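Student: What follows is a single structure, and I will ask about it in a moment.
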Amino acid sequence: MRKIICAPENLIPQQLEYNTKYFSIYSNPRRGVGYFAPDLKKAIERAGLRPSVTVWDFTTIALSVAAADNSLNRKASADGWTRQIDLTIYLCEPFAWEPVKKDLQNTLRFLTGDFWTLTFLEGGINPPYAKKMKQYDADCVSLLSGGVDSLVGAIDLVSDKHRPLFVSQVVKGDAKTQRKYAQKIRSGSTHFQWSHKIHPPKGESEKSTRGRSIIFFAFAALAASAITIPDDNLIPVYVPENGFISLNIPLNSGRIGSFSTKTTHPVYLAGIQKIWYALGINMELIAPYQFKTKGELLFECKDKKLFHELIADSTSCGKYLNNGHQHCGRCVPCMVRRAAFLKANITDNTVKGYKFANLSFAGFTRGPNDVGAMATACLKINQSGIQSIISGNLAFAHGDERKGYAGVVSRGFKEIESLLQENRAL
């Protein structure tokens, strides 16, 4: 079991405990320990927000989870993936979190694939409190990543006469695009771009960062404190992601861990929502495209003119930064993107194109490559039916909902199959 402690700077001992990693929360102590979000509290105050203690503690938990995830190398685990993480977090009201601790541990287990033991202690950093609250013209929150789905989600919300407040995590290479989208889609809209600025202590680190997605929901909850609605209503928080990617069914038995992210999976979203309900956080996570493929999402976008103007700058690739801000073309997200353009009969004018445009086996070069796994999955479906791939991955759903998820998976693979056939990779 690996131990992580996330505490205010003044509560981190001078003599650090052996085999324990420390993070200073919301400040950089400049003395050899990790830290995260040193500028976040002031940024929220400048925005004129006064988040509740509960929302602020959730943010502290989210940042601590992501920091722990980022600082422990999976290769040191017995199976090369699953870690046992003992995480201690200092909160403002730790007692409020005890009743939901087991649910939170289970949700994190699902998200990252690790076993989490959480300890909450008193003495956390007080929440931001703006001297003067600002009034914002918004009726919902929409996550804006700079990807295709969040672009379409934002366009559709505004087309439906909603007034979304946009929330982004600052990501190198996407920040400018995020700002462009927010202003083009809704002129004069409010757009919060916040950064986690996680800096692990010197030593080992982990690049898979499954835990980072929880920060998105924390930032959304912070932003929602800017919206005033009747007490009996929940503030809508839109999570625009196509259902095929959200479910992310493993392509084969060897891809259950490292290759199958769950960052917007229905089980994960339901876990976060259950915790919010229990704590009285009056926000509702909404996944508007959970039964849509990416191709269907593109084809049905409610403002085609604006979509065509902006789509080229969007980012999908899982290897984008490693390829000099260029899509690789052959990771799962890239293939889903390319298949969606094909399905929607839209010219793919992605900026810089694809590093590996040729998906045929003759075009294979060294480096990460998911084409073979996708092709094998498509062949298996054609030979044995969609259930051969779905297996037990939809056990969480029942009735019509299960049929809906099975349908989006089946149609998603059909889109991929068409892409591979066009590229002579199948």
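The values are calculated or read from the model by the stated rules, or taken from the named source; none is laboratory data. Everything quoted here is computed from the prediction, not taken from an experiment. FYI the Cβ positions are ideal-geometry reconstructions off the backbone, even for glycines, and counts take in every protein chain you see. Please note that ligands, DNA and RNA were not included when accessible areas were found on the heavy atoms of the full protein model with its side chains. Shrake-Rupley method; radii C 1.70, N 1.55, O 1.52, S 1.80 Å.
Student: If you filter the stretch 1-100 for trypsin sites (Lys or Arg not before Pro), then keep DSSP loop positions with at most 14 other Cβ within 10 Å, what is left? All intermediate terms of the calculation are to be shown ahead of the outcome.
Tutor: Working: sites: ARG2, LYS3, LYS21, ARG30, ARG31, LYS41, LYS42, ARG46, ARG74, LYS75, ARG83; in loops: ARG30, ARG31, ARG83.
Listed in order of number, the matching sites are ARG30, ARG31.
Student: So, by mean Cβ neighbours within 10 angstrom, what's the order for 337-343, 369-375 with the highest one leading? Working shown, then result.
Tutor: On the way: 337-343: 23.9, 369-375: 19.3.
Output ranking for 337-343, 369-375: 337-343, 369-375.
Student: Still on this model: What's the FRET efficiency of ARG424 with ASN252 using the Cβ-Cβ distance as r and R₀ = 22 Å, to the nearest 0.05? Working shown, then result.
Tutor: Working: r = 22 Å, r/R0 = 1.00.
FRET efficiency, ARG424 to ASN252: 0.50.
Student: Can you tally the net charge around PHE95? Count Lys and Arg as +1, Asp and Glu as -1, for every other residue whose Cβ sits under 13 Å from the Cβ of PHE95. Before the final figure, lay out the partial values.
Tutor: On the way: positive: LYS101; negative: ASP57, GLU93, GLU98, GLU122.
Spelling it out: positives minus negatives among the neighbours equals -3.
Student: Residue-wise, which Karplus ³J(HN,Hα) couplings in Hz belong to the stretch 391-403, taking 6.51 cos²θ - 1.76 cosθ + 1.60, θ = phi - 60°, and x for glycine or proline?
Tutor: The phi angles translate into 6, x, 6, 10, 4, 6, 9, 9, x, 4, 5, 5, 4 Hz.
Student: Kindly flag which residue pairs out of LYS131/LYS274; LYS3/LYS319; LYS3/LYS102; LYS75/LYS207; LYS3/LYS202 have an alpha-carbon separation exceeding 21 Å in this structure.
Tutor: Exceeds cut-off: LYS131/LYS274; LYS3/LYS319.
Student: Once phi is turned into ³J(HN,Hα) by the Karplus curve 6.51 cos²θ - 1.76 cosθ + 1.60 with θ = phi - 60°, what whole-Hz value does each residue of the stretch 95-102 show in order, with x for glycine and proline?
Tutor: For the stretch 95-102, the Karplus-derived couplings read 4, 5, 8, 4, x, 10, 4, 5 Hz, x marking Gly and Pro.
Student: What shape does the stretch 119-169 take by its C-alpha gyration tensor, where a ≥ b ≥ c are the square roots of the eigenvalues and a/c under 1.5 counts as rounded, a/b above b/c as prolate, and the rest as oblate?
Tutor: Working: a/c = 3.58, a/b = 1.73, b/c = 2.06.
In terms of gyration-tensor shape, oblate.
Student: Got a number for the accessible area of LYS292? Probe 1.4 Å, square angstrom, nearest 10.
Tutor: 70 Å²
Student: Still on this model: By its C-alpha gyration tensor, with a ≥ b ≥ c as the square roots of the eigenvalues, how is the stretch 114-230 shaped: rounded for a/c under 1.5, else prolate for a/b larger than b/c, else oblate? Could you put the intermediate results ahead of the total?
Tutor: Numbers: a/c = 2.14, a/b = 1.40, b/c = 1.52.
Oblate shape, in that a/c is at least 1.5 and b/c is the bigger or equal ratio.
Student: Sticking with this structure for a sec: Under 26 Å from the Cα of LYS184, which lysines turn up, not counting those fewer than eight places away in the same chain?
Tutor: Cross-link targets: LYS134, LYS161, LYS172, LYS176, LYS292, LYS294, LYS302, LYS304, LYS305, LYS343, LYS352.
Student: Starting from the Cα gyration tensor of the stretch 1-110, take the square roots of the eigenvalues, sort them a ≥ b ≥ c, and report rounded, prolate or oblate (rounded when a/c is under 1.5, otherwise prolate if a/b is larger than b/c, else oblate).
Tutor: Because a/c hits 1.5 or more and a/b fails to exceed b/c, the stretch 1-110 counts as oblate.
Student: Within the chain, what whole-number % of the accessible surface is contributed by carbon and sulfur, with the 1.4 Å probe and all protein chains included in the calculation?
Tutor: On the way: 9390 of 18870 Å².
Accessible surface attributable to carbon and sulfur in the chain totals 50 percent.
Student: In addition: Can you say what percent of the DSSP beta bridges in the chain, counting only those with both residues inside, are antiparallel? Round to 5. Before the final figure, lay out the partial values.
Tutor: On the way: 1 of 37 bridges.
Restricted to the chain, the bridges split so that about 5 percent are antiparallel.
Student: Separate question: With runs of 4+ DSSP H residues as the only contributors, calculate the mean residue ellipticity of the chain at 222 nm using -39,500 (n - 2.57) per run, divided by the residue total and rounded to the nearest 500. Please report the intermediate quantities before stating the final value.
Tutor: Working: 14 runs with 160 residues, N = 426.
The helix-only estimate for the chain comes to -11500 deg cm²/dmol at 222 nm.
Student: Also, I was wondering about something else. Compute the angle between helix 332-344 and the longest alpha-carbon principal axis of the chain, please, reported from 0 to 90 degrees and rounded to the nearest 10.
Tutor: 50 degrees
Student: Multiply the residue gap between THR117 and ASN19 by 0.36 nm, knock off their C-alpha separation, and tell me the result in nm, one decimal place. Walk me through the intermediate numbers first.
Tutor: Values: separation 98, 0.36 × 98 = 35.28 nm, distance 1.63 nm.
Extra length from THR117 to ASN19 when fully extended: 33.6 nm.
Student: Using packing as a proxy for protection, rank 325-333, 89-97 so that the peptide with the highest average count of other Cβ atoms within 10 Å comes first. Walk me through the numbers on the way to the answer.
Tutor: Numbers: 325-333: 22.3, 89-97: 18.3.
Highest-to-lowest ranking by the protection proxy: 325-333, 89-97.
Student: Around SER189, with a cut-off of 9 angstrom between Cβ atoms, what is the net charge of the other residues, counting Lys and Arg +1 and Asp and Glu -1? Please report the intermediate quantities before stating the final value.
Tutor: Numbers: positive: ARG163, ARG186; negative: ASP137.
Around SER189, the surrounding residues sum to +1.
Student: Turning to a different aspect of this structure: Could you state the accessible area per residue of the chain in Å², with a 1.4 Å probe and every protein chain left in place? Don't skip to the answer; put the middle values down first.
Tutor: Values: 18870 Å² over 426 residues.
On a per-residue basis, 44 Å².
Student: Round to a whole angstrom and tell me the spacing of the C-alpha centers of the stretch 369-426 and the stretch 176-221.
Tutor: Value for the Cα centre distance between the two parts: 31 Å.
Student: Excluding ASP139 itself, calculate the net charge of residues whose Cβ lies under 13 Å from the Cβ of ASP139, where each Lys or Arg counts +1 and each Asp or Glu counts -1.
Tutor: On the way: positive: LYS161, ARG163, ARG186; negative: ASP137, ASP160, GLU284.
Result for the local shell: 0.
Student: A further question follows. If you fit an axis through the alpha-carbon atoms of helix 53-71 and take the longest principal axis of the Cα set of the chain, what angle between them do you get, 0 to 90°, nearest 10?
Tutor: 60 degrees
Student: Please determine, in degrees from 0 to 90 and to the nearest 10, the orientation of helix 213-224 with respect to the longest principal axis defined by the Cα atoms of the chain, where the helix direction is its Cα long axis.
Tutor: That works out to roughly 70 degrees.
Student: I'd like the trypsin sites (Lys or Arg not before Pro) in the stretch 176-255 restricted to DSSP loop residues with at most 16 other Cβ atoms within 10 Å, sorted by number. Write out the running numbers ahead of the final one.
Tutor: Values: sites: LYS176, ARG179, LYS180, LYS184, ARG186, LYS197, LYS202, LYS207, ARG210, ARG212, ARG255; in loops: ARG186, LYS197, LYS202, LYS207.
Sites meeting the loop and neighbour criteria: LYS197, LYS202, LYS207.
Student: If I ignore ligands, DNA and RNA and count only protein heavy atoms, how much of ASP79 is accessible to a 1.4 Å probe, in Å² to the nearest 10?
Tutor: 100 Å²
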